[in-house]
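The values are calculated or read from the model by the stated rules, or taken from the named source; none is laboratory data. Quick caveat, the model's predicted, so the values are computed rather than measured. Here the Cβ positions follow ideal geometry from the backbone for every residue, glycine too, while neighbour counts run over all protein chains shown. Note: areas computed on protein heavy atoms with side chains; ligands, DNA, RNA excluded. Shrake-Rupley method; radii C 1.70, N 1.55, O 1.52, S 1.80 Å.
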Amino acid sequence: MILLGCGVFIVGSVLGWLAPSFTVLALGRLIQGIGLGIVYLSLYLGHFTLSVLPTIVAFGLLTATSLLAILAG
């Protein structure tokens, strides 16, 4: 799921760069947000629900995802 979220984020980024109008740019930003949400939710559930990620790894990846969301904004 993390790779799916990264792929959706990249598609949104490319769509935003190729935007000929404001509507397509807004759609690209929306797709980027959905991709980041998928990544964040996958990491969160991987640690708290499935317990497959150690605490330090989950915290680091969630922090990196949050920083990426701030930079994308």
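These residues, T55, T63, go from largest to smallest accessible area, 1.4 Å probe, as T55, T63. The share of alpha-carbon pairs in the chain lying farther apart than 18 Å comes to 41%. Over the residues of the chain, the helix contribution to mean residue ellipticity at 222 nm works out to -29000 deg cm²/dmol, using -39500 (n - 2.57) for each DSSP H run of at least 4.
Under the criterion of Cα pairs below 8 Å and six or more residues apart, the relative contact order for the chain equals 30 percent. By the combined test of axial Cα extent (at least 24 Å) and Kyte-Doolittle hydropathy (mean at least -0.5), the qualifying DSSP H helices of the chain come to 22-48, 55-72. The mean accessible area for residues of the chain, using a 1.4 Å probe and ignoring ligands and nucleic acids, is 67 Å² per residue. For the pair M1 and T23, a Förster radius of 25 Å applied to the C-beta separation gives a FRET efficiency near 0.30, rounded to the nearest 0.05. Overall, the accessible surface of the chain at a probe of 1.4 angstrom is composed of carbon and sulfur to the extent of 80 percent. Going 7 Å from the Cα of L45 along its beta-carbon direction, which residues of the range 1-29 have the amide nitrogen within less than 11 Å of the resulting point? Those under the cut-off are 1-2.
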